[in-house]
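Just so you know, all these numbers are worked out from the coordinates, no wet-lab data involved. Predicted model only: the values in this text are computed from it and were never measured. Cβ atoms come from the backbone with ideal geometry, glycine included; neighbour counts cover every protein chain shown.
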Amino acid sequence: MVQPQSIYQKTARSARHGQGWHNFGAGKYGIDKWEEYWTYLYNDDEITWGPDPELTPLGKSQAQAIYRCWAAEAPLGAPIKPDEMTWYVSPFTRTGQTLEESWGALLGRAPEVWEDWREVYGGHTCDKRSTRTILQKRFPSFKFEEGLTEEDELWKEDDRETDAHMQMRAQRAMDRLFGNDGAKETYISVTAHSAILRNLLAVLHHQAYPLATGEMIPVVVKATRLRANS
């Protein structure tokens, strides 16, 4: 017989990165032509969007708007102190830049980089990450998980990840968050991507909510740890 052992609750501030150059490209060419052709290339004669594109100036300003919001709320008691919160981020430049711009001086500890928070992988060149070495040079204050490989071994040119697999990743990430190596704090920040956050909400049986670039939503999660009686 299985009995409830412990009940845990966390509030996840879930943010999609600000506009990246791939998002700019999709707007430039239109989503249909982008998905059909341009997303499989690395650049055109004006911009580069793969692999691992950076934020556009608009993307940085979107992230900075989040910072201004938190900076205004912090003096009013918003729970964002280092002993109240842990920050997580996907291993991509656009998410790392978004996290830095959206938290700034309020960032109280080293953000943890987990590959399970990455965007759907395969096919689209924007979703191929940089090497671990490059990411560590770009974000020297971040804490990279031990299992993050040097090269992106998950991205394949001709194989796109499915929603079912993304939901497995999202579930694994949540299991880690509520497990022994996860956050002890009630409040967490996750800076990630549209598809993984969409699938995270599906795993949590939350109503669908497609995040715009540079948008953040809070999600309250209650987890019950079970134990089997002998």
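Considering only the range 68-87, state which residues are part of a loop (DSSP other than H, G, I, E, B), out of contact with any strand residue (DSSP E or B) (no Cβ under 8 Å at 6 or more places or on another chain) and within 13 Å of residue 103 (Cβ to Cβ).
If the condition is that a residue be part of a loop (DSSP other than H, G, I, E, B), out of contact with any strand residue (DSSP E or B) (no Cβ under 8 Å at 6 or more places or on another chain) and within 13 Å of residue 103 (Cβ to Cβ), then 78, 81, 82 are the ones that fit.
Could you tell me whether residue 197 is over 30 Å from residue 134 (Cα atoms), in a helix (DSSP H, G or I) and out of contact with any helix residue (DSSP H, G or I) (no Cβ under 6 Å at 6 or more places or on another chain)?
No.
Consider the range 1-38. How many of its residues are crowded, with 16+ Cβ neighbours inside 10 Å, in a loop (DSSP other than H, G, I, E, B) and out of contact with any Leu (no Cβ under 6 Å at 6 or more places or on another chain)?
So the count comes out to 1.
Is it true that some residue in the range 54-65 is among the basic types (Lys, Arg) and touching a residue at least 12 places away in the same chain (Cβ under 8 Å)?
Yes - at least one qualifying residue is present in the range 54-65.
The rows are residues; the columns are (1) aliphatic (A, V, I, L, M); (2) surrounded by 17 or more Cβ atoms within 10 Å (Cβ to Cβ); (3) under 21 Å from residue 100 (Cβ atoms).
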{"position": "139", "(1), (2), (3)": "no, yes, yes"}
{"position": "162", "(1), (2), (3)": "no, no, no"}
{"position": "166", "(1), (2), (3)": "yes, yes, no"}
{"position": "170", "(1), (2), (3)": "yes, yes, no"}
{"position": "188", "(1), (2), (3)": "yes, yes, yes"}
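Limited to the range 40-67, what total is found for residues that are in a helix (DSSP H, G or I), hydroxyl-bearing (Ser, Thr, Tyr) and more than 17 Å from the chain's Cα centre (by Cα)?
2
For the range 39-57, give me the residue count where each residue is crowded, with 20+ Cβ neighbours inside 10 Å and of a type in the set (A, V, I, L, M, F, W, C).
Number of matching residues: 2.
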